[in-house]
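Peer 1: Below is one structure. I have some questions about it.
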Amino acid sequence: MRPRLRPRALVRASGGPRYAVALAVDALGTGLLRPFLLLYGVTVLRLSASATGIAMTVGVVMGLACMPAVGRWLDRGARSTVVAASMLVRVLGVALLLATPAGHVWLFATAALFLGIGNQAWPAAHAALVATVAHGRERDAALAGGRALRNAGLGVGALLATACLAGGTTALRALAAVTGLAYLAAAALARSVRLRADPAAAPAKDRADGRAGEPVGGAAGGPAPRMRALLAANVVYVFCLNVPEIALPLVLVTQLHASPVWSAAIFVANTVLVVTLQVPVTVLMSRFSRRTVLALAGVVLAVSYLGFLAVGSPGHGWGAPAVAAVSVVCTLGEIIYAGSATALVTALAPAHVLGRTLARFQLSTGLGLAVSPAVITALASRGPAALWGCLAAATLLSAGAVVTEKAR
């Protein structure tokens, strides 16, 4: 059955009002600092841009190493405690960031590591919490609602931070301090939910998941799903999340010589579309199997990449507006992907290995996000055909792998 879009039911399925406030506060704090962490290292700590970028990358990659432990913790029944811990770890990262003297790259790298651990642990912990509260297609809508709320908080936080940047280094330090307080408040709210799970008592609802179209876990027994094709495909799929932030600004500024305003406008439009359409599109797609929807997302993303190739040739005055128009299709593919991927993983995983299954999925997501900037910039240096052609081909192959895995 398709879930209803009543706000109260959606909030309840997402963990309740206090948890929703915790998500909003956490996202607001992340939006205040994350887009300007590189700027903090360069201007406040007087580090080189390359050293700052390397430290941030190392922090993200090393943060992935915590995921097996997070998965085992979740499989012991912890839910709100893990979410709160992911926020408290980021409080430590911000505190260390504020205490780092100028020129100390290793302390900055350690702060980035704590921030990376929290950022990597949070998605799996949040998905496990929602999967404990809601079931079936209601769970899918709740996961979509959480993503929409988080994107809204990130966007508001980034706008507030942008308005404060005129204050220079003092403003950046103040933003970091406010971010730490936001993480602390969010952790307290999340911990107050006091939700645990009993993996041995899986709800019967997860055995019959409407028109899911895929085998459903949820039982106390059964092995962990392998999902090798799904995890490999997810590494490619998540490139779409960095297209508005990395690929399109690179193409617009260096190849089309367009104003940076176009990049900002596309990023804002992407955020607004995700906030407004994530839940409705996820509910609309609930009439199909999650695996089918995930494959459809790959097709939509590949079409958008080919669209970027078609309209992104230099020398045309309409290039930037055309890229902005195609970016709407790309954002739609991102919305379909985000509404089906995590939902599919939670539906496939037996209850006693839900945490470890989500941790493996987050590892593939984190890997894709970590390597995509380097891959995108390397392909872009070889021209539009190399960039968009390779992305389209890889994404179509990934969509085919998702469908083939179901058939096997």
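The values are calculated or read from the model by the stated rules, or taken from the named source; none is laboratory data. Quantities reported herein were computed from a predicted structural model and do not represent experimental measurements. Reconstructed Cβ throughout: ideal geometry from the backbone, glycine too, with neighbour counts over all protein chains shown. Note: accessible area is taken over every heavy atom of the protein model, side chains too, but ligands, DNA and RNA are not part of it. Shrake-Rupley method; radii C 1.70, N 1.55, O 1.52, S 1.80 Å.
Peer 1: Suppose we keep only residues that are of a type in the set (A, V, I, L, M) and in contact with a Pro (Cβ under 7 Å, 6 or more places away or on another chain) within region 138-160. Which one would you say is farthest from residue 343 (Cα to Cα)?
Peer 2: 158
Peer 1: May I ask you to say which residue of 88, 98, 113, 129 is in contact (Cβ under 8 Å) with a residue 40 or more places away in the chain and open to solvent by less than 20 Å² (accessible area, probe 1.4 Å)?
Peer 2: Among 88, 98, 113, 129, only 129 is in contact (Cβ under 8 Å) with a residue 40 or more places away in the chain and open to solvent by less than 20 Å² (accessible area, probe 1.4 Å).
Peer 1: Also, I was wondering about something else. I need every pair where a residue in region 340-368 that is without any contact (Cβ under 8 Å) to a residue 40 or more places away in the chain has its Cβ under 9 Å from the Cβ of a residue that is surrounded by 23 or more Cβ atoms within 10 Å (Cβ to Cβ) and not hydroxyl-bearing (Ser, Thr, Tyr), sequence separation at least 6 or different chains.
Peer 2: none
Peer 1: Same structure again: Tell me which residues, restricted to region 349-408, are farther than 26 Å from residue 323 by Cβ, open to solvent by 30 Å² or more (accessible area, probe 1.4 Å) and under 21 Å from the mean Cα position of the chain (by Cα).
Peer 2: Passing the criteria: 356, 360, 363, 367.
Peer 1: Has region 142-151 got at least one residue that is crowded, with 22+ Cβ neighbours inside 10 Å and not in a helix (DSSP H, G or I)?
Peer 2: no
Peer 1: Quick check on region 297-318. Is at least one of its residues within 19 Å of the chain's Cα centre (by Cα), touching a residue at least 24 places away in the same chain (Cβ under 8 Å) and open to solvent by 20 Å² or more (accessible area, probe 1.4 Å)?
Peer 2: Checking region 297-318: at least one residue is within 19 Å of the chain's Cα centre (by Cα), touching a residue at least 24 places away in the same chain (Cβ under 8 Å) and open to solvent by 20 Å² or more (accessible area, probe 1.4 Å).
Peer 1: With under 30 Å from residue 117 (Cα atoms), in a helix (DSSP H, G or I), in contact with a Gly (Cβ under 6 Å, 6 or more places away or on another chain) and of a type in the set (A, V, I, L, M) as the only criterion, which of 369, 332, 301 stands out?
Peer 2: Answer to the selection: 301.
Peer 1: Oh, and also: Restricting the search to region 334-348, which residues are aliphatic (A, V, I, L, M) and open to solvent by 10 Å² or more (accessible area, probe 1.4 Å)?
Peer 2: Matches in region 334-348: 336, 338, 348.
Peer 1: Okay, next question. Which one of 295, 324 is farther than 16 Å from residue 236 by Cα and in a helix (DSSP H, G or I)?
Peer 2: Exactly one of 295, 324 is farther than 16 Å from residue 236 by Cα and in a helix (DSSP H, G or I), namely 324.
Peer 1: I need the full set of residues from region 45-55 which are surrounded by fewer than 21 Cβ atoms within 10 Å (Cβ to Cβ) and of a type outside the set (S, T, N, Q), in order please.
Peer 2: 46, 49, 51, 53, 54 - these are the residues of region 45-55 that are surrounded by fewer than 21 Cβ atoms within 10 Å (Cβ to Cβ) and of a type outside the set (S, T, N, Q).
Peer 1: Would region 159-179 turn up any residue that is within 30 Å of residue 281 (Cα to Cα) and open to solvent by 60 Å² or more (accessible area, probe 1.4 Å)?
Peer 2: Yes, region 159-179 contains at least one residue that is within 30 Å of residue 281 (Cα to Cα) and open to solvent by 60 Å² or more (accessible area, probe 1.4 Å).
Peer 1: State all residues of region 128-149 that are closer than 15 Å to residue 270 by Cβ and in contact with a Ser or Thr (Cβ under 8 Å, 6 or more places away or on another chain); if no residue qualifies, say none.
Peer 2: The one that is closer than 15 Å to residue 270 by Cβ and in contact with a Ser or Thr (Cβ under 8 Å, 6 or more places away or on another chain): 148.
Peer 1: Being basic (Lys, Arg) and either touching a residue at least 12 places away in the same chain (Cβ under 8 Å) or touching a Leu at 6+ places or on another chain (Cβ under 7 Å) (or both) is the requirement here; does residue 6 meet it?
Peer 2: no
Peer 1: Which of the numbered conditions does residue 8 fail, given that it passes all the others? Conditions: (1) at pLDDT 85 or above; (2) farther than 21 Å from residue 156 by Cα; (3) open to solvent by 30 Å² or more (accessible area, probe 1.4 Å).
Peer 2: Evaluating residue 8 over (1) at pLDDT 85 or above; (2) farther than 21 Å from residue 156 by Cα; (3) open to solvent by 30 Å² or more (accessible area, probe 1.4 Å) leaves (1) as the failure.
Peer 1: Within region 11-26, how many residues are under 13 Å from residue 83 (Cβ atoms), open to solvent by less than 50 Å² (accessible area, probe 1.4 Å) and of a type outside the set (S, T, N, Q)?
Peer 2: Residues in region 11-26 being under 13 Å from residue 83 (Cβ atoms), open to solvent by less than 50 Å² (accessible area, probe 1.4 Å) and of a type outside the set (S, T, N, Q): 8 in total.
Peer 1: Something else now. Can residue 103 be described as farther than 25 Å from residue 335 by Cα and surrounded by 24 or more Cβ atoms within 10 Å (Cβ to Cβ)?
Peer 2: no
Peer 1: Right, here's the next one. Pairs, please: C-beta under 6 Å, at least 6 apart or cross-chain, first residue more than 20 Å from residue 277 (Cβ to Cβ) and in region 147-162, second in a helix (DSSP H, G or I)?
Peer 2: Every condition considered, the pairs that remain are 157/28; 157/31; 157/32; 161/32; 161/36; 161/175.
Peer 1: Also: Keeping to region 49-65, report how many residues are among the polar types (S, T, N, Q) and over 17 Å from the mean Cα position of the chain (by Cα).
Peer 2: Qualifying residue count for the region: 2.
Peer 1: Can you tell which of 235, 243 is open to solvent by less than 50 Å² (accessible area, probe 1.4 Å), in contact with a helix residue (DSSP H, G or I) (Cβ under 7 Å, 6 or more places away or on another chain) and either under 25 Å from residue 139 (Cβ atoms) or not in a helix (DSSP H, G or I) (or both)?
Peer 2: Only one candidate passes the filter, namely 235.
Peer 1: While we're here: Those residues that are under 18 Å from residue 270 (Cβ atoms) and of a type in the set (Val, Ile, Thr), I need them from region 150-171; list them, please.
Peer 2: Of everything in region 150-171, those that are under 18 Å from residue 270 (Cβ atoms) and of a type in the set (Val, Ile, Thr) turn out to be 156, 162.
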